[in-house]
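Dropping a structure here in structure tokens format, bear with me for questions.
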Amino acid sequence: MNYRLYDAHNHLQDPRLAPHREAVLAAVRRENVVKMVVNGSCEADWPEVLELARRCPEVIPAFGCHPWYVKGLTPDWQKALVRHLEAVPCGIGEVGLDRWIKGYDLEQQEQVFVWQLRLAAERELPVSIHCLQAWGRLLEILRAEPRPRCGFLLHSYGGPQEMIAPLAELGAYFSLPGYFAHERKARQRKAFRALPPDRMLIETDAPDQLLPPERSGHPLTDGHTNKAINHPANLGAVYQFAAELLNEPIEALAQRVEANFQRLFAAVATALAR
Ligand SMILES: [Zn+2]
């Protein structure tokens, strides 16, 4: 393979992947995955993300509080977040807004999100944003608040196609997950075909967002629940899906994604290499 793969968003620290960690790392290296952004989602998993960043050169760490976990934050979460941000070159993520999850508290989610977004802008860190069913509000916040100059990532972008242009104008990159290869995700696929070429990234979101089974070259099962989970080495299969979707040779697509990834994460990757 003469191109390199970049995973814009995964959760290598997830406990479901822990029993398979060494095999997973060996497999991603065989697949030529050269960088992956590993996103924390709550205070409890930040130390594990930090540990992975210290021992794996492929890992670009990100620390953040995901909207699903805002209710579990301790009173010291902001201090703990800053401590992690200062421990290693990194991004901020996964953060965002979610009106899909049962029992959501949008007001608390917004407070936590805005605080983290301001921190990203203040420290010039790339930020990975999750959004479900709150696109209008997200756009309002992104317009009103300071944003990091390097840009920000809308991971698994599932918003309306008409919002791509205004979001891109604010600095958005959009990442495609393998999950959108499922037949029912036609609306999301159509939106990705309309992306500005210099704003597209690719992700696994492993261990979540599984590809359709016929596309997944690296099957993996959660030992506790016996459910299929997404293997980070499926990234190559997501590139394949993206190339088919955009009707573009995979080498050309990979080069473009590499340039886009480096633009968004360049400062962090350079600082980590020092
Ligand atoms: Zn995620």
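Counting only residues that are aliphatic (A, V, I, L, M) and within 16 Å of the ligand (Cβ to nearest atom), which one in region 1-23 is surrounded by the fewest Cβ atoms within 10 Å (Cβ to Cβ)?
That would be 17.
While we're looking at this one, here's another question. Is it the case that residue 68 is within 16 Å of the ligand (Cβ to nearest atom), surrounded by fewer than 22 Cβ atoms within 10 Å (Cβ to Cβ) and not in a helix (DSSP H, G or I)?
Here the answer is no, as residue 68 does not meet what is asked.
While we're here: Condition test on residue 174, is it in contact (Cβ under 8 Å) with a residue 40 or more places away in the chain and either buried (at least 16 other Cβ atoms within 10 Å of the Cβ) or not basic (Lys, Arg) (or both)?
no
Give the residues of region 223-249 that are of a type in the set (Val, Ile, Thr) and either crowded, with 16+ Cβ neighbours inside 10 Å or touching a Pro at 6+ places or on another chain (Cβ under 6 Å) (or both), sorted by residue number.
Within region 223-249, the subset of a type in the set (Val, Ile, Thr) is 225, 229, 238.
The answer is 229, 238.
If you go through region 185-244 one residue at a time, how many are in a loop (DSSP other than H, G, I, E, B) and more than 27 Å from residue 259 (Cα to Cα)?
Going residue by residue through region 185-244, those that are in a loop (DSSP other than H, G, I, E, B) are 194-196, 204-219, 222-227, 230-231.
Checking which are more than 27 Å from residue 259 (Cα to Cα) leaves us with 212-214, 219, 222-227.
So the count comes out to 10.
Another question, if that's okay. If you check 28, 82, which single one turns out to be assigned to a helix (DSSP H, G or I), surrounded by 22 or more Cβ atoms within 10 Å (Cβ to Cβ), more than 16 Å from the ligand (Cβ to nearest atom) and not charged (D, E, K, R)?
That would be 28, the only listed residue that is assigned to a helix (DSSP H, G or I), surrounded by 22 or more Cβ atoms within 10 Å (Cβ to Cβ), more than 16 Å from the ligand (Cβ to nearest atom) and not charged (D, E, K, R).
No value in this document is a laboratory result; all are computed from the given coordinates. As the structure is a prediction and not an experimental result, all values here were calculated from the model. A quick note on method: Cβ atoms are made from the backbone with ideal geometry, for glycine too, and the neighbour counts reach across all protein chains shown.
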